[in-house]
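The values are calculated or read from the model by the stated rules, or taken from the named source; none is laboratory data. Given the structure is predicted, the values throughout are model-derived calculations rather than measurements. Please note: Cβ atoms are built from the backbone with ideal geometry, for glycine as well, and neighbour counts cover all protein chains shown. Surface areas here come from the heavy atoms of the whole protein model, side chains and all, with no ligands, DNA or RNA. Shrake-Rupley method; radii C 1.70, N 1.55, O 1.52, S 1.80 Å.
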Amino acid sequence: MSAPALSQAEAFARIRLLRSPRIGPVSFAQLLGRFGSAEAALEALPDLAGRGGKSYTLASRDLVEREIEAVRRAGARYLFRDQADYPALLREADGAPPILTWRGDLALASRPCVAMVGARNASAAAVKLAREFAGALAGEGFTVVSGLARGIDGAAHEGALPATIGVIASGIDIAYPPQHEDLHRRIAEEGLLLAEQPPGTEPRGSHFPTRNRIIAGLALGTLVVEAAPKSGSLITARLAGEAGREVMAIPGSPLDARSHGCNLLIREGAVLVQEPGDVVELLSGFDGTPRSSVRETGESYLAAAPEELADAEPADVANLLSTAPVAVDELIRQSGEGPASVQLALLELEIAGRLVRHAGGRVSLSAV
C-alpha cells in the first residue's frame, strides 16, 4: 500500500535515519512502526541506545545535505519503499531497501522482470548464450535484471538494452567494474540503474550480497547461465527461492567447473532451461507458486505489525542471548513475551551496537 506524498522534512529525516549508525532495513522499518515517522524516530534514537547500554550519535545533517546534493549532481533521484512507484515485488521481499537511488526509466521495474546472473569468468559460449537469451526475453516484454558484473551480467544487459535494470553494489555515481563504465552510462540513460548505497560509495565485499537480494527481489524468477558451486550467482538464485520466486538454470558440461553450479541447482530443484521459450512459459503465467523447489531452510520470522510495535514495551531477553546466533522465534518462545516486545528489545540492543542480525531471522550478541 502506498503512503501519501512525503514532506521534504520527513524525506530528509528518513535519509538521515538510514545513514545513522547500525540502522538497517529491519531496524528502519521497526523504528517507523514504533514511532510513526522518521522525524520522531530520530528524536528517540539516543534514548533507545541508552536503554541498550550505549551512547549514540546520529548521522549529521551536513552529511545528509551533502548526499542529497551528490544525488542531484549524478542526475539521480530517491525512491522510498512506501512510494507508489517502488517496485511491488521488491517491496514484498524480506529486507527490501527502505531507500534506493535511481537513474533512467523507472517504469521498467513495473514490467515483468527476470534476473539473469552467472560467472564473471564465463566461457565465450555462455556469454553469447546470455546475450541471446536476454535479447529474446526483452523481445517478449520482460525486463532483464542483473548486477553489471563482468561476464554473464554484462552480456545480459547488452542483449536486453534498453529493457534492462542494472543493480549496483556502489553508489549511483560509481561505475564498477571500471571496464563497464560505458555500459553503466548506457543503462542509466536507456534502461534503469538502481543503487542502495549512498553516492560516492565504492563497492565492498559486504555490498554484493545485499545487491543480490535486490536482484532476486525485483524478478519473478532468476536464471543462472553459468556459475561455479560457490558463487554470488548461486546466492542470488537461493534468495529467489527463499522469496518464493522461480529458480532456473541452464545445464552445462560436467567437465567444465563453470557449469557445476548450474548443474547443482538443477539437482536441488531448479527448473532446467534450454531456450528462452522455456523461461517465457514459466514466468508468463507465474502465480506465486514456483515449479522449482530450491529453498533455504531458515526459521520463519514472526514479525509484529506496526501498530503492535507502537504500543509495546521491551521484553527482557538480553540474558537469553549469546554470541551464537539464535532464531528470533526461539527467543519469543523462551521468553514468553509477544513478538513486538521481543523485537523492540532487540532493536534497542542493535542500536546500542550489542546485537548482530543474521540470515534466516537469527540474532546474536556482538562479539566486540
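Results, tabulated for the structure shown:
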item: Residue count for the stretch 135-154, restricted to those that are buried (at least 24 other Cβ atoms within 10 Å of the Cβ) and more than 22 Å from the chain's Cα centre (by Cα); result: 1
item: L79 vs. criteria in contact with a Leu (Cβ under 6 Å, 6 or more places away or on another chain) and surrounded by fewer than 21 Cβ atoms within 10 Å (Cβ to Cβ); result: yes
item: Test: residue in the stretch 169-181 that is over 25 Å from A227 (Cβ atoms), of a type in the set (A, V, I, L, M) and surrounded by 23 or more Cβ atoms within 10 Å (Cβ to Cβ); result: yes
item: Sole residue being under 30 Å from Q197 (Cα atoms) and open to solvent by less than 10 Å² (accessible area, probe 1.4 Å), chosen from A243, A227; result: A227
item: Tally, over the stretch 324-338, of residues that are crowded, with 16+ Cβ neighbours inside 10 Å, outside any strand (DSSP E or B) and out of contact with any Phe, Trp or Tyr (no Cβ under 9 Å at 6 or more places or on another chain); result: 6
item: The lone exception for P209 - which of (1) modelled with pLDDT of 95 or more; (2) assigned to a helix (DSSP H, G or I); (3) open to solvent by 10 Å² or more (accessible area, probe 1.4 Å) it fails; result: (1)
item: The stretch 339-355: number of residues that are more than 16 Å from A312 (Cα to Cα) and crowded, with 18+ Cβ neighbours inside 10 Å; result: 5
item: Neighbours by Cβ (under 8 Å, 6+ apart or cross-chain): first from the stretch 30-53, open to solvent by less than 10 Å² (accessible area, probe 1.4 Å); second of a type outside the set (A, V, I, L, M, F, W, C) and assigned to a helix (DSSP H, G or I); result: A38/E10; A38/R14; A38/R16; A41/R34; L48/E348; A49/E348; G52/E348; G52/E350
item: Residue pairs meeting the criteria (Cβ under 8 Å; at least 6 apart or on separate chains; first more than 12 Å from L220 (Cα to Cα) and of a type in the set (K, R), in the stretch 232-254; second surrounded by 24 or more Cβ atoms within 10 Å (Cβ to Cβ) and at pLDDT 90 or above); result: R238/V247
item: For A74: the one exception among (1) open to solvent by 10 Å² or more (accessible area, probe 1.4 Å); (2) of a type outside the set (K, R); (3) in contact with a Lys or Arg (Cβ under 6 Å, 6 or more places away or on another chain); result: (3)
item: Number of the exception - E275 against (1) surrounded by 14 or more Cβ atoms within 10 Å (Cβ to Cβ); (2) modelled with pLDDT of 95 or more; (3) in contact with a helix residue (DSSP H, G or I) (Cβ under 9 Å, 6 or more places away or on another chain); result: (1)
